[in-house]
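The values are calculated or read from the model by the stated rules, or taken from the named source; none is laboratory data. Because the structure is a prediction, the values reported are computed rather than measured. Note that each Cβ is placed from the backbone with ideal geometry, even for glycine, and that neighbours are counted across all protein chains shown. Calculation scope for accessible area: heavy atoms of the full protein, side chains included, ligands and nucleic acids excluded. Shrake-Rupley method; radii C 1.70, N 1.55, O 1.52, S 1.80 Å.
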Amino acid sequence: MRRLLLKNLFSRVVTEPITSTTPDALHVLGEQTRGVIMRRLGRSLSIRQVDAGSCNGCELEINALNNAFYDLERFGIRFVASPRHADLLLVTGPVTKNMRDALQRTYAAMPGPKWIIAAGDCAAGCGVFEGSYACVGAVSKVVPVDLTIQGCPPSPTDLLRGVLWLFDGQAVGSAEPASAQRT
């Protein structure tokens, strides 16, 4: 027991280092996003997230957007439980045969105007699930996608940059995130 205790006390940290995003840079990014959303919608942005068959890596990063470090609600962005209240549909994972109809019904239930983001490599093109008998394919094969954010998984900051770019992509000086593609 003592050997295990000493090993744990004197071994180095094995967790990943904190991201390069500082709280100040995150605050600036969030305020830019809030301003763009208020100009475009005149109110806060409501997001409905759908897991179409992923490994849940992307969902962990999406859930991080609600933690105390990122705190997305302070920027006027919130997640909703019903697609009837959503402006943006955030889809993760390749679309499986069992989720195709649910994703189509979710898309149909959303009021206009509506935007769709495919988040992660699997949502963009099946990723590691390529060739699986259970997969229909990428999200764009089932519903129209406005933006894909690459990454396995994309970081919370990349997701926030993607939302900003989606709503302000035509503005002068706004750069597309390195991991995003407009479709």
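Within region 104-128, which residues are hydrophobic (A, V, I, L, M, F, W, C) and either free of Cβ contacts under 8 Å to residues at least 24 places away in the same chain or not in a helix (DSSP H, G or I) (or both)? Outline the logic, then answer.
Step one: of region 104-128, the residues hydrophobic (A, V, I, L, M, F, W, C) are 108-110, 115-119, 122-124, 126, 128.
Hits for region 104-128 are 108, 110, 115, 116, 117, 118, 119, 126.
Any idea how many residues of region 129-152 are open to solvent by 30 Å² or more (accessible area, probe 1.4 Å), part of a helix (DSSP H, G or I) and not basic (Lys, Arg)?
Total satisfying the criteria: 2.
Please verify whether region 95-107 includes one or more residues that are loosely packed, with under 13 Cβ neighbours inside 10 Å and of a type in the set (Val, Ile, Thr).
No, region 95-107 contains no residue that is loosely packed, with under 13 Cβ neighbours inside 10 Å and of a type in the set (Val, Ile, Thr).
Filtering region 36-59 down to residues that are part of a strand (DSSP E or B) and of a type outside the set (A, V, I, L, M, F, W, C), which residue is surrounded by the most Cβ atoms within 10 Å (Cβ to Cβ)?
The residue in question is 48.
If you check every pair at least six apart or on different chains, which have Cβ atoms under 7 Å apart with a residue in region 7-28 that is closer than 13 Å to residue 156 by Cα first and a residue that is open to solvent by 100 Å² or more (accessible area, probe 1.4 Å) and modelled with pLDDT under 75 second?
Close Cβ pairs satisfying both conditions: none exist.
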